[in-house]
Each structure stands twice: as C-alpha cells, then as structure tokens.
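Read-outs throughout are calculated quantities, based only on the coordinates presented, and are distinct from any laboratory measurement. If you're wondering where the values come from, they're calculated on a predicted model, not measured in any experiment. Cβ placement follows ideal geometry from the backbone for every residue including glycine, while neighbour counts extend to all protein chains displayed.
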Amino acid sequence: MATPLARQVTDWDEFVGRFEAVQTVDVRARVGGYIQAVHFRDGQMVQRGQLLFTLDPRPAQAALASARASVAQAEAQLNLARAEFARAEGLLEAQAVSQAEFDSARAAVSQAEAALAGAQANARARQLDLEFTRVTAPSSGRVSDRRVDVGNLVAGGSSAADVLTTIVSGGPIHFTFEGSEALLLKYQRDARSGGGAPVRIRLQDEGDYRWSGTLDFTDNAIDASSGTIRLRAVVNNADGFLTPGMFGHARVAGSEAYQALLVPETAIVTDGPRRLVYVVGADGVVAGKPVQLGPTVDGLRVVRAGLAPDDRVIVNGLQRAQPGQPVTPQNTEITIEPREESQPVTTAQAASTATIAD
C-alpha cells in the first residue's frame, strides 16, 4: 500500500493538425505579355516590393505614347474652345452674336474639358500598364519555383491569369486542427482572460512537445456533418524551420495547474459504472472507496474526488484483497515513470492527458 502521490498537474487536450502559412499569395501579372526576365532564385526569401519578373515593356510604352498624344490633342482642342468662347462672350455684349451661338461656344468648352479629363485618365491607365510589366512581390516570405520561363506569353489582369509563382509568409505560422463541440463549450466556459489558451506541438519525428504557441482563432460555426469546429494556434517560427503542410500533434491546455492526487492504474477497480480504489484502514481492514478519475500523467491516473491525501491505497496484490477483509500490508511509494509517447490520434475528438505542471 502507499499514500497517493500529490503533484501540481495541468490537463491537456490532444489533437492532430497541420501547419499553414499565415499568408499565401499566388503571384500573377496584372497585364499580359512575354516574360523577358526572371529576377529571383527558386526558394529564396524575398521582400515585399522586390522585383520578380519583367515583361516585355515595348507594347505598353507604345500605348502610353499614344495616350499622351491624345492628351496633347485634347489640350489643344480645349485651348481652341476657350478662345472661341472668349470671342463669343465679347461679341454677345456687342449683340453681334446670338444667345444660341454663345451657348454653343460655352458647351464646346465643357466638352473639351471632359475630353481632356478622359484622355488624361487613359494616359494614367497606360502608365499603370507600363509599371505592371514589372511584377514585384506582393508580400515578404519564401518564394516557390518559377512556373514560367523567359520567352513565354502569359495572361494577366484577372483572377484567371497565369500563376507565375507563389509566396508563403515567413515568421509566425499557423497550426490548424479540428475540435469537438464539447471541447469548444469547455474552452468557452473556461475562457482565460488576457489571451488564448497555450498550445504545445511536436512534429512526427519528435518525442517531446518543443514548439509553443497560443490559440488565437476559433471558427464561427460548427460543421453540422461532423460536429467539429476548426481551431487555430499561432506558433513562433523565427528560424523558418516549420513548413506549411507539416503534420503535428498538439496539446491545448485544458485547465490551469491544480493540486492532484495520483495513483497507479493497477490500483483502480471497475465495479459496473463505478471506479473504486481499495484502501486499508487504521484497523488493517480493506475498504472500497468510489473515486472520480481524471486524465493520466506519466503512467499514473489523476483522482479528482473520493480520495484523501493520507489514505493508504493498495497498489500491489489487489487480486488478494477483499472489502472487509483484514490484511497485513507492506508499505511502498508511488513514483512517476516517464511514459511512452502515445500513437498519433486519428479522430477529431481530443484525447485527455495531463502533465506535471512546470
């Protein structure tokens, strides 16, 4: 027999998910044309605004020159219309022209002004087209490989345009997983003030949960077909080691650290729907105590209720003990043994575990 082991523990809910980039951008040209040059190496880190591709600018330059010529023509028309209006205004005072002729001259000025504004707007659009022949990085991050080579004709200017490459953001990265409705309710009722729940993650080839993050997003609706909801944690990734698409196991803190009593799994007896532990009283007689169990931690089971810190629990030779039977116990101690890492969880319902609080 042994007294329960008292420790500070933290409950964890376990999930399986994947890493996703905070920002993913498909790089497309905003105008069509021939690829003239590529200005990056496949897989390199790029900064926002960095030049990636150059399209042949000559068609855009010609269109801009034509637009500017139209602006000059519209300016000349406006100057002529203003001069004729000024003459008509003087002749009207001398009653040398009719009111209708004067109104026509004034309308011609307005038409010339509108034509000039349209020509200037067209010139600005053609200037943009020329600038868009330089395809720059819309965000900072790691660029993929080029999808087109120099000399290819690409379409641009719409969501259906050719994808030239993609960029995923560096720095922090998201870890996305599915949780059950029951867990969502628990998190909402036990919501912590001042920030999201802490999350710890291990990769598929790691034995411990070395990556730390914070739960920062819960989707706005539960999937009616599966009864699950999408959750997301943000994880620091300063060295860029974590890559979008990686698989990982996550632990989300399900409780604050609390004082718990722990006993070996071998000390627990199943009696129908009840769970019992056998204790030895001061008179050496065995008695059964119903207990409320919690998660496991390092091979021991947390007892939430029904057990006192000074109870003497039978931990070995349980098959030879019967309630009401006197025994001659031998004292021992409950110790923590490092537990083996669990197999990957393949369902959306989280497993329940606990760890000794840091």
Study note, to complete from the structure: For the LEU51, THR176 Cβ pair and Förster radius 35 Å, calculated FRET efficiency rounded to 0.05 is 0.60
Exercise for review: Putting +1 on Lys and Arg Cβ atoms and -1 on Asp and Glu Cβ atoms, find which of LEU293, ILE336, LEU307 reaches farthest to the positive end of the dipole of the chain.
Suggested key: ILE336
Review point. Angle, helix 99-131 long axis vs. longest principal axis of the chain, Cα atoms, 0 to 90°, nearest 10?
Key: 50 degrees
Point to revise | Pairwise label distance in nanometres, ALA86 with ALA238, each label 7 Å out on the Cα-Cβ vector | key: 6.9 nm
Review point. So how do TYR258, TYR209 line up by other beta-carbon neighbours within 10 Å, fewest first?
Key: TYR258, TYR209
Study note, to complete from the structure: ASP42 neighbourhood, Cβ < 9 Å, K/R = +1, D/E = -1, net charge +1
Check your understanding: At what distance in angstrom do the alpha carbon centres of segment 304-320 and segment 270-299 lie from each other?
Key -> 5 Å
Review point. What list do you get for ILE336, ILE35 if you sort them by fewest beta carbons within 10 Å?
Key: ILE336, ILE35
Study note, to complete from the structure: With -39,500 (n - 2.57) per DSSP H segment of 4 or more residues and division by the full residue count of the chain, the 222 nm estimate, nearest 500 deg cm²/dmol, is -8000 deg cm²/dmol
Check your understanding: Given labels modelled 7 Å from the Cα in the Cβ direction, how far is it in nm from GLN330 to ARG210?
Key -> 4.2 nm
Revision key, fill the gap. For the chain, the longest principal axis of the Cα atoms and the Cα long axis of helix 58-93 enclose an angle in degrees, to the nearest 10, of 50 degrees
Check your understanding: Can you give the charge dipole size of segment 59-131 about its Cα centre, rounded to the nearest 20 debye, using +1 on the beta carbon of Lys and Arg and -1 on the beta carbon of Asp and Glu?
Key -> 240 debye
Practice item. Find which of THR228, VAL154, LEU130 sits farthest along the positive direction of the dipole of segment 91-242, computed with +1 on the beta-carbon of Lys and Arg, -1 on that of Asp and Glu, about the Cα centre. Key: THR228
Review point. Spin-label point model (7 Å from Cα, Cβ direction): what's the THR266 to ASP149 distance in nm?
Key: 6.8 nm
Practice item. Work out the length of the dipole vector of segment 211-287 about its Cα centre, built from +1 on the beta-carbon of each Lys and Arg and -1 on the beta-carbon of each Asp and Glu, and round it to the nearest 20 debye. Key: 100 debye
Check your understanding: Across every pair of different alpha-carbon atoms, what Kirkwood hydrodynamic radius in Å does segment 59-131 reach?
Key -> 13.4 Å
Check your understanding: What size of dipole, in debye to the nearest 20, comes out for the chain about its Cα centre when the only charges are +1 on Lys and Arg C-beta atoms and -1 on Asp and Glu C-beta atoms?
Key -> 140 debye
Check your understanding: When ASP311, ASP239 are ordered from fewest to most other Cβ atoms inside 10 Å of their Cβ, what list results?
Key -> ASP239, ASP311
**Study point:** FRET efficiency estimate (nearest 0.05) - Cβ-Cβ, SER225 to GLN23, R0 51 angstrom
**Key:** 0.95
Study note, to complete from the structure: So, over other residues within a Cβ distance under 13 Å of ARG106, counting Lys, Arg +1 and Asp, Glu -1, the net charge is -3
Review point. In the neighborhood of SER226, defined by Cβ-to-Cβ distances under 10 Å, what is the net charge if each Lys or Arg adds +1 and each Asp or Glu adds -1?
Key: -3
Practice item. Show the residues, 5+ positions off or on another chain, whose built amide H is closer than 5 Å to the amide H of LEU52. Key: VAL135, THR136, ALA137
